[in-house]
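To start, the structure under review is shown below, and the notes come after it.
The values are calculated or read from the model by the stated rules, or taken from the named source; none is laboratory data. Just so it is clear, the model here is predicted, and its values are computed rather than measured. FYI the Cβ positions are ideal-geometry reconstructions off the backbone, even for glycines, and counts take in every protein chain you see.
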Amino acid sequence: MTRIAVVGAGMGGLAFAAAMRGSDHEVTLYEQAHEIGELGAGISLWANGTRLFEEMGIAELMAAKSCETEAAYFRNEDGSVAAEQSLARDNWYRDAYSYPYYGALRTDLQASLLEVLGTDNIRLAKQLITIEDTAEGAVLHWADGTSDTADLVVGADGIKSVVRKFVDPDARPVFTGNSAFRGLAKTEELDLLPEPRSFTDWMGDGMHVLNFPVGPDFKHTTIVVFVDGPEQWEHEEWRVPADAEAVRALFDDWDPAVGQLLEHVTLSERWGLFQVSLMDSWHRGRCVLIGDAAHGMLPHHGQGAISSFEDAIALAHVMKDDGIATIDAKLAAYEGERKARGERIQKSSRDLNACLHLPEGPQRDKRAVVLNALPENFSWLHEYVCSV
Ligand SMILES: Cc1cc2nc3c(=O)[nH]c(=O)nc-3n(C[C@H](O)[C@H](O)[C@H](O)COP(=O)(O)OP(=O)(O)OC[C@H]3O[C@@H](n4cnc5c(N)ncnc54)[C@H](O)[C@@H]3O)c2cc1C
């Protein structure tokens with residue numbers, strides 16, 4: 001039996017614990033928060049995530065709590081359609097990738113994971129300060145002055161990971177030069193929305209606005225506004241106050257449907273968007289990284305949480321595989337499966353920013369060709385199957 005300490009009970013940590021249910025390893029989750037809460041925003045769950053739900057024990061729960069979005073529309077700032085892709089319409093997405101695309105509330109995803117896991121193995125108010133590698137195991141020192149010892153530490157502690165400082169002291173979150181504003185609305189309040197059951201992305205020079213329905217019956221809509229800038233992020237926190245009227249004015253000439261969406265977004269709170277610098281390895285000694293701690297990325301593909309699920313499942317598979325004898329060999333197998341893919345998604349998400357923020361001009365015609373051929377260009381994201 002291996003004593004596994006998972007630092008962070010966010011998306012990746014909960015998914016790993018769920019995938020380890022029934023194994024003979026002892027898995028304990030340590031979370032710095034005093035209660036497990038989540039900001040009430042929505043989440044896009046593509047087939048490479050939903051195909052893992054059975055193994056995580058949440059397939060039925062999430063089927064009841066999600067909607068299957070009809071299509072994805074890419075529009076210019078005046079509302080004209082630049083590109084379009086069917087999703088649930090004509091069953092296109094399930095036929096292409098065998099699993100559904102869901103729009104869901106993050107709170108529902110988290111609640112489903114907690115429902116299958118229970119809370120017995122979750123220790124709250126445990127903030128990791130440092131890790132010490134000793135002959136008896138990795139010793140985790142907590143902010144409350146206590147410590148615990150484990151045979152394996154899973155760093156699922158997000159973009160500002162403390163475990164990562166042990167694995168690679170030079171790695172860090174790097175500001176991408178982009179920021180975001182978020183909101184959630186009742187779909188019935190958005191009478192200007194051209195396609196309330198679809199995902200819509202309005203793209204303009206240096207910024208884009210998206211919305212997608214979430215939850216059963218399409219009752220809610222998640223809204224995210226992305227803008228280039230500021231050039232530097234001068235703050236310790238990653239959510240800071242913003243001048244709401246100045247942000248709103250940027251969209252004055254856009255499709256009136258966007259103006260209506262903005263009424264439901266907290267424009268007075270700007271989220272800085274970071275990505276994690278590349279590392280030589282995602283593991284060192286008894287410590288390994290998953291999720292944002294390893295490959296924190298821009299959210300433009302809607303793949304951050306899903307790729308933490310992919311990591312969690314791959315790590316659970318190697319941990320349960322008796323054919324791989326040592327922790328070192330297990331972590332090497334995990335890294336072999338996951339690192340190149342995690343870095344590819346991270347890079348593609350970064351590249352997508354320039355594509356979504358093009359100024360007017362002939363480049364936009366080329367973009368329309370790319371976006372109208374989503375399966376050809378992006379199936380590699382959706383069809384991934386873990387091979388360890
Ligand atoms: C605007 C925006 C929109 C997004 N939309 C999507 C989307 O549609 N689809 C998608 O898949 N992803 C999306 N993402 C990305 C997604 O939210 C993250 O990639 C995902 O939550 C990463 O999971 P994680 O488990 O690695 O980290 P997190 O979910 O951030 O969890 C980390 C946990 O570790 C805890 N922790 C941190 N430090 C310590 C410590 N020292 N000690 C103990 N505990 C600690 C934290 O409290 C937290 O609970 C979006 C992100 C943003 C910013």
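Summary table below
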quantity	calculated
Some residue of segment 342-358 being outside any helix (DSSP H, G or I) and not basic (Lys, Arg)	yes
Leading residue by the ranking (nearest to the ligand (Cβ to nearest atom)) among those in segment 294-311 that are outside any helix (DSSP H, G or I) and out of contact with any Pro (no Cβ under 9 Å at 6 or more places or on another chain)	302
Options 273, 315: the member that is under 21 Å from residue 179 (Cβ atoms) and touching a residue at least 60 places away in the same chain (Cβ under 8 Å)	273
Counted residues, segment 252-267 - those being exposed (fewer than 13 other Cβ atoms within 10 Å of the Cβ) and either acidic (Asp, Glu) or at pLDDT below 95 (or both)	2
Any strands (runs of 3 or more DSSP E) falling wholly within segment 137-240 and containing at least 2 residues that are touching a helix residue (DSSP H, G or I) at 6+ places or on another chain (Cβ under 9 Å) and under 25 Å from residue 298 (Cβ atoms)	152-155, 173-186, 199-204, 207-214, 220-228
Matching option when the condition is farther than 30 Å from residue 281 by Cα, in contact with a Gly (Cβ under 8 Å, 6 or more places away or on another chain) and among the hydrophobic types (A, V, I, L, M, F, W, C), among 210, 184, 190	184
Residues that are within 12 Å of the ligand (Cβ to nearest atom) and aromatic (Phe, Trp, Tyr), drawn from segment 170-185	181
Residues satisfying the stated conditions in segment 190-228, i.e. out of contact with any Ser or Thr (no Cβ under 7 Å at 6 or more places or on another chain) and hydroxyl-bearing (Ser, Thr, Tyr)	200, 222
Matching residues in segment 106-128 - criterion: being in contact with a Ser or Thr (Cβ under 8 Å, 6 or more places away or on another chain) and under 17 Å from residue 219 (Cα atoms)	108
Filter result (aliphatic (A, V, I, L, M) and more than 10 Å from the ligand (Cβ to nearest atom)) within segment 137-153	138, 139, 150, 152, 153
Counted residues, segment 19-51 - those being more than 7 Å from the ligand (Cβ to nearest atom) and under 21 Å from residue 161 (Cα atoms)	9
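Yes or no, residue by residue, for (1) buried (at least 20 other Cβ atoms within 10 Å of the Cβ); (2) within 16 Å of the ligand (Cβ to nearest atom):
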position	(1), (2)
209	yes, yes
242	no, yes
247	no, yes
250	no, no
269	no, yes
288	yes, yes
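Residues checked against (1) of a type in the set (D, E, K, R); (2) in contact (Cβ under 8 Å) with a residue 12 or more places away in the chain; (3) in contact with a Leu (Cβ under 9 Å, 6 or more places away or on another chain):
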{"position": "209", "(1), (2), (3)": "no, yes, yes"}
{"position": "214", "(1), (2), (3)": "no, yes, yes"}
{"position": "228", "(1), (2), (3)": "yes, yes, no"}
{"position": "237", "(1), (2), (3)": "yes, no, no"}
{"position": "264", "(1), (2), (3)": "no, yes, yes"}
{"position": "278", "(1), (2), (3)": "no, yes, no"}
{"position": "288", "(1), (2), (3)": "no, yes, yes"}
